[in-house]
Structure formats: structure tokens, C-alpha cells
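These notes concern the structure reproduced below.
No lab work stands behind these numbers, since they all come straight from the coordinates. Not measured: the values here are computed from a predicted model. Counting neighbours? That spans all protein chains shown, and the Cβs are built from the backbone with ideal geometry, glycine included.
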Amino acid sequence: MYGFFYDLINDNWFYRLYERKLEAQIKQDRLPEHVAIILDGNRRWAKYHFLANKGAHAIGADKAEQLLTWIYDLRIKITTLYVLSIENLERDKKELENIFDLLGIKLEKLYNDSRIHERQMKIKAIGNIGALPKSIKEILFKLEEETNHYDLTFLNIAIAYGGQQELVEAIRKIAYDVEKKELQISDINEQSIDSYLYTSHLPQPEPDLILRTSGEKRLSGFLLWQSAYSELVFMDVFWPEFRKIDLMRAIRTFQRRR
């Protein structure tokens, strides 16, 4: 019953009118340059609707694809999506197989999407990529190779990602460079640390806005260093139900806080 009314609200003329009005409103103000989103709530949404996790993950994957269209429409320069944490790799084997199957399909579709070339979008996976299945590593490599020369817009896919792990890797690299006398201790500062992080390729590694769905009010280790001054918005909507107006409301909240 809830799903019926949710679809009805999304399909009616009032929703579409409000969406257009809200989009016009936020475009009159400064848009965030870097938006990071924690895609959370697939399994709880499935439980709420008495569905299998597999179905929820499929709907969530479709929603992520939809999100990229909204990002294109709003001309957001940098987008970072928290797709899968390093801890998520400890989930049930069958569930992980389903997630990776869906991910492979969506990444292949993204690879063949002409809009990444129209938007000159550099795509990069950040996280412990070596822990992923071979098929996922291969398509991620293809995407990065295909878009490596672009620098107009950026899409970062945080997968098998852990914020603490990112910092540990950065510290190890810094220690190694100090030991090799390629870096002086006196030269270690905020800017030099930035250059050792997964996001070092970005013109602005720090998100202006971090949005998390599902009602959870924590970052769960996401971009620990980069999020120091980010505006945080936590939304009481599960990821499969996330709408364009939810994204725009989060942006409006960001604009009102500035």
C-alpha cells in the first residue's frame, strides 16, 4: 500500500511542478562543486516491503543510474558515491555475488554511455580495489583508462572503501618517502597529506556537501580527512526511494547554511 501511494505522489502533476520550481530555485544560488553521497538503506527498504535483498539491490542500482542523470542536469562538477564499504565485503557470499553482478552490469552500461564523453567525465574507483572480483576490477580499469584524459567533471566510485584504511595507506606512503629522503618532515602539512589520499586527482577533494540516506546520522568512516568542513545532510529516506527533489532539498539546505 505504501509503495502505491509513493508512486502516485511521484507521478502526479504537483510533484513535477514542485520539482521544476525547486530546481529553478537552487540554480539561482551557488551550487556545491563536490557532492558526496552515502547510498544507504537497500536492505532495510527490502525488509520494510517484505522483499528479498536481491530485489532491493537491483532497485538501488537503478536509482544510482538515475542519480547520474540528475547530477548531469544540475551540472555538479564532482560526485563521489559511497557504493560499498570494506566491511561490506564480509557479507553473505550469495548477497555479494548478486551485488557484484549488478555492479558489473551498471559499470558496463556506464562505459557505453555517451554522456561521460559529452561531460568529459573522469571516472575513478577509490578504495581497496585489489579486494574486488577480477571482472569488476577489469571494467573499472577500462572506465579509468577511457576517461583518464578528461578533467571537466569527475565521478568517484568508493568501493571496498574504508576511511581509516585510506589514512593508514597515506601514512605508510609518507613514511616511505621520508625514509627515502624524497620528503622532508618539515614539509608535511595539510596540502601534502592531500596528495597521498585516494582523492588526490581531484581539483577539490573536500566535498561541499555529504548526503546520507536511510536516516542514519553518521559518516561510517567515509572521507574522514576530506569531510572536515563539509556540510552534512542526513535524510529519512531509504536509497531505493530517493528522488530528485530529495537531492535538490539537500542542496537547498547546503545553500541556506552557507
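Remark: pairs (first residue in region 152-165, in a helix (DSSP H, G or I); second residue surrounded by 21 or more Cβ atoms within 10 Å (Cβ to Cβ); Cβ separation under 7 Å; 6+ apart in sequence or on different chains) = Gly163/Phe222; Gly163/Leu223.
Listed here are the residues, each with its yes/no results for (1) of a type in the set (A, V, I, L, M, F, W, C); (2) under 15 Å from Glu33 (Cα atoms).
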site	(1), (2)
Ser200	no, no
Pro205	no, yes
Gln226	no, yes
Phe238	yes, no
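For region 138-151, which positions are assigned to a helix (DSSP H, G or I) and among the hydroxyl-bearing types (Ser, Thr, Tyr)? Break it down stepwise before answering.
We begin by selecting, within region 138-151, every residue assigned to a helix (DSSP H, G or I); these are 138-147.
Listed by number, the list holds a single entry, Thr147.
Just to be sure, is Leu51 within 17 Å of Arg243 (Cα to Cα), surrounded by 14 or more Cβ atoms within 10 Å (Cβ to Cβ) and in contact with a helix residue (DSSP H, G or I) (Cβ under 9 Å, 6 or more places away or on another chain)? The answer is no for Leu51. Among the residues making up region 201-224, those that are buried (at least 16 other Cβ atoms within 10 Å of the Cβ) and over 29 Å from His149 (Cα atoms) are Arg212, Thr213, Ser214, Leu219, Gly221. Taken over region 175-200, residues that are buried (at least 16 other Cβ atoms within 10 Å of the Cβ) and outside any helix (DSSP H, G or I) amount to 5. Being buried (at least 20 other Cβ atoms within 10 Å of the Cβ), of a type outside the set (Phe, Trp, Tyr), under 18 Å from the mean Cα position of the chain (by Cα) and closer than 30 Å to Lys27 by Cβ is a property that Ile76 has.
Of all residues in region 13-32, those satisfying the criterion of being surrounded by 15 or more Cβ atoms within 10 Å (Cβ to Cβ) and either in contact with a strand residue (DSSP E or B) (Cβ under 6 Å, 6 or more places away or on another chain) or not in a helix (DSSP H, G or I) (or both) are Leu31, Pro32.
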